[in-house]
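Before any comments, here is the structure.
The values are calculated or read from the model by the stated rules, or taken from the named source; none is laboratory data. Keep in mind that what you see is a predicted model, and the values were worked out from it rather than measured. FYI the Cβ positions are ideal-geometry reconstructions off the backbone, even for glycines, and counts take in every protein chain you see. Keep in mind that these areas ignore ligands, DNA and RNA; they rest on the heavy atoms of the full protein, side chains included. Shrake-Rupley method; radii C 1.70, N 1.55, O 1.52, S 1.80 Å.
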Amino acid sequence: MTERTEAVVVGMGLIGGSIAAVLRARGLRVTGVDRLVARAERAAQRGLIDRALRPEAAEAAYRAADLIVLALPVLSIVPALRRLAEGRLKPGVIVTDVGSTKRSIVAEAEALFAGRDVRFVGGHPMAGSHKSGVEAAHPDLFENAYYVLCPSRLAEAADVERLKDWLAPARVKWLVMDPAEHDRVVAVISHLPHVVAALLVQMLARREAESPYYALLAAGGFKDLTRIAASNPEMWRDIVLDNRAAILAAFEEWETDLRSVRAMLEAGDGPALEAFFAAAARYRARLPERRPGAIRPAYDLFVDIPDRPGEIGRLATRLGAAGINLTNLEILELREDVFGVLRLAFRNDRDRERAAALLVETGYPVYVFSNGEMKAFGPAGGGEGGRGR
């Protein structure tokens, strides 16, 4: 009988639980480790792992592991690497992580495991969910998302391929990057946008003392633009601290651009401002709409419904009967540049597409954002004639 490959996943949250489920689907024997043993036990009850252990009881599991995954917050990964380095590990073991910064983690692993037969491959799965915790973990969480690998100097190409093979059921798009390049890229496409979103929200909060209209009218585009400001503050504190060099470099470029736009405004230079917006619009239109990236996309539909009792319940019941999971529903009062009176949110693009087709077939006008514009979905939308009633 062939002996099963042993994996240990440390951290039984959304990402750790989902990776554990992927590894188990690949046939590995998975041990889940979490400082909150009840969380690891919930993962076992859900069939995500084979057994649950608390950290102080996991030494034997680490020694037997062919793969160790550190599914921990960014600033907890290096301390976890240090604890691993203090113990005995199986020769040839692959150690990986899921942190959204890579340079400092990979450098620490190279220093800690120098001269030992430990193969460290930094990892960053660019996927998430509107929900958190092990209860939301699922092997399909990463489907079609980019999964970045940043191999250390301790790892060989064969180690990277072995890790990819173990994670094959995740059905991801693999990218192999240099750790420093990874951090420069995510500073611009993820970390700086989170800081800017938080600044905009705080500006609104200050202005609300002047007039209640700021908060009253902060809907539509403002809420979409600042959606990521609702992210976990402790997690983002750790991320920006760990990647501060790359973020500070991005700040310098941002400040130069702000001064340029300010000069256009001060000079009243209409042609320059139009060219500024046109260049941004052209490049924005080239970005893929359906490809998951570093910031979790929103899978929303906007729907017109008749103003009569029970209509929202009938719509939700129809979706549920079709097995489509509706994760959120919002009645829109302020709808600048948005069609429809209901905003429906879904877990993924597949559910959104199924819902849109079903609702159009039922006769509801349905709209989606595409390339920065609100467009009717299918023949029932009727263009602007279906605007919210």
Mind telling me which of the residues Ala114, Ala44 ends up being assigned to a helix (DSSP H, G or I) and hydrophobic (A, V, I, L, M, F, W, C)?
-> Ala44
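Here is a yes/no grid of residues against (1) on the phi > 0 side of the Ramachandran plot; (2) at pLDDT below 95; (3) not in a strand (DSSP E or B):
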position	(1), (2), (3)
Ala80	no, no, yes
Lys90	no, no, yes
Arg119	no, no, no
Gly122	no, no, no
His130	no, yes, yes
Arg162	no, no, yes
May I ask you to say which residue of Ile105, Ile49, Ile68, Ile94 is in a helix (DSSP H, G or I) and within 25 Å of the chain's Cα centre (by Cα)?
-> Ile105
Selection from the range 164-175 of residues that are modelled with pLDDT of 95 or more, buried (at least 17 other Cβ atoms within 10 Å of the Cβ) and not in a helix (DSSP H, G or I) = Leu167
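Please go through the range 21-32 and pick out each residue that is part of a helix (DSSP H, G or I) and either among the aromatic types (Phe, Trp, Tyr) or out of contact with any Gly (no Cβ under 9 Å at 6 or more places or on another chain) (or both). Even if it seems obvious, please write down each step before you answer.
Of the residues in the range 21-32, the ones part of a helix (DSSP H, G or I) are 21-25.
If the condition is that a residue be part of a helix (DSSP H, G or I) and either among the aromatic types (Phe, Trp, Tyr) or out of contact with any Gly (no Cβ under 9 Å at 6 or more places or on another chain) (or both), then Val22, Leu23, Ala25 are the ones that fit.
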What about Ala275, is it modelled with pLDDT of 90 or more and assigned to a helix (DSSP H, G or I)?
-> yes
Within the bounds of the range 134-148, is there any residue that is under 16 Å from Leu70 (Cα atoms), within 20 Å of the chain's Cα centre (by Cα) and assigned to a strand (DSSP E or B)?
-> yes
Kindly indicate which of Asp97, Asp140 is of a type in the set (Asp, Glu), modelled with pLDDT under 95 and open to solvent by less than 50 Å² (accessible area, probe 1.4 Å).
-> Asp140
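Checking the conditions here, which among Leu154, Leu192 is farther than 19 Å from Thr5 by Cβ, among the hydrophobic types (A, V, I, L, M, F, W, C) and part of a helix (DSSP H, G or I)? Break it down into steps so the answer makes sense when it comes.
Numbers: Leu154 fails: part of a helix (DSSP H, G or I).
Criteria check complete, one pass: Leu192.
In the list Ala71, Ala40, Ala44, Ala65, which residue meets the criterion of being aliphatic (A, V, I, L, M), under 20 Å from Leu141 (Cα atoms) and touching a Lys or Arg at 6+ places or on another chain (Cβ under 7 Å)? I'd like the intermediate steps shown before the answer.
On the way: Ala71 fails: touching a Lys or Arg at 6+ places or on another chain (Cβ under 7 Å); Ala40 fails: touching a Lys or Arg at 6+ places or on another chain (Cβ under 7 Å); Ala65 fails: under 20 Å from Leu141 (Cα atoms).
Sole residue among the options that is aliphatic (A, V, I, L, M), under 20 Å from Leu141 (Cα atoms) and touching a Lys or Arg at 6+ places or on another chain (Cβ under 7 Å): Ala44.
Looking at the range 27-35, is at least one residue in contact with a strand residue (DSSP E or B) (Cβ under 6 Å, 6 or more places away or on another chain), without any contact (Cβ under 8 Å) to a residue 40 or more places away in the chain, under 25 Å from Ala127 (Cα atoms) and open to solvent by 50 Å² or more (accessible area, probe 1.4 Å)?
Initially, the range 27-35 is screened for residues in contact with a strand residue (DSSP E or B) (Cβ under 6 Å, 6 or more places away or on another chain), giving 28-33.
Then keep just the ones that are without any contact (Cβ under 8 Å) to a residue 40 or more places away in the chain; that gives 29-33.
Those left that are additionally under 25 Å from Ala127 (Cα atoms): 29-33.
Keeping just the survivors that are open to solvent by 50 Å² or more (accessible area, probe 1.4 Å) gives 29.
Checked against the condition, which is being in contact with a strand residue (DSSP E or B) (Cβ under 6 Å, 6 or more places away or on another chain), without any contact (Cβ under 8 Å) to a residue 40 or more places away in the chain, under 25 Å from Ala127 (Cα atoms) and open to solvent by 50 Å² or more (accessible area, probe 1.4 Å), the range 27-35 yields at least one hit.
Those residues that are of a type in the set (A, V, I, L, M) and modelled with pLDDT under 80, I need them from the range 207-246; list them, please. Show your work before the answer.
Residues of the range 207-246 of a type in the set (A, V, I, L, M): 209, 215-219, 225, 228-230, 235, 239-241, 245-246.
Result: Ala219, single match.
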Given the conditions (1) open to solvent by 90 Å² or more (accessible area, probe 1.4 Å); (2) touching a Pro at 6+ places or on another chain (Cβ under 9 Å), every one holds for Tyr147 apart from (1)
Pick from the range 6-20, criterion part of a helix (DSSP H, G or I) and open to solvent by 10 Å² or more (accessible area, probe 1.4 Å), ranking: farthest from Val134 (Cα to Cα) | Ile15
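Kindly indicate the residue of the range 316-328 that is outside any loop (DSSP other than H, G, I, E, B) and touching a helix residue (DSSP H, G or I) at 6+ places or on another chain (Cβ under 7 Å) and also nearest to Ser132 (Cα to Cα) among those meeting that condition.
Leu326
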Does Ala85 satisfy the criteria of being without any contact (Cβ under 8 Å) to a residue 60 or more places away in the chain and surrounded by 24 or more Cβ atoms within 10 Å (Cβ to Cβ)?
-> no
Going by the conditions given, is Pro169 farther than 15 Å from Val98 by Cβ, touching a residue at least 24 places away in the same chain (Cβ under 8 Å) and touching a helix residue (DSSP H, G or I) at 6+ places or on another chain (Cβ under 6 Å)?
-> yes
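Looking at the range 336-352, is at least one residue in a helix (DSSP H, G or I), at pLDDT below 80, open to solvent by 30 Å² or more (accessible area, probe 1.4 Å) and farther than 30 Å from Tyr283 by Cβ? Full working, then the answer.
The initial filter retains those residues of the range 336-352 that are in a helix (DSSP H, G or I), namely 349-352.
Still in the list and also at pLDDT below 80: 349.
Among the residues that remain, those that are also open to solvent by 30 Å² or more (accessible area, probe 1.4 Å) are: 349.
Applying the additional criterion that residues be farther than 30 Å from Tyr283 by Cβ yields none.
No, there is no match, as no residue in the range 336-352 is in a helix (DSSP H, G or I), at pLDDT below 80, open to solvent by 30 Å² or more (accessible area, probe 1.4 Å) and farther than 30 Å from Tyr283 by Cβ.
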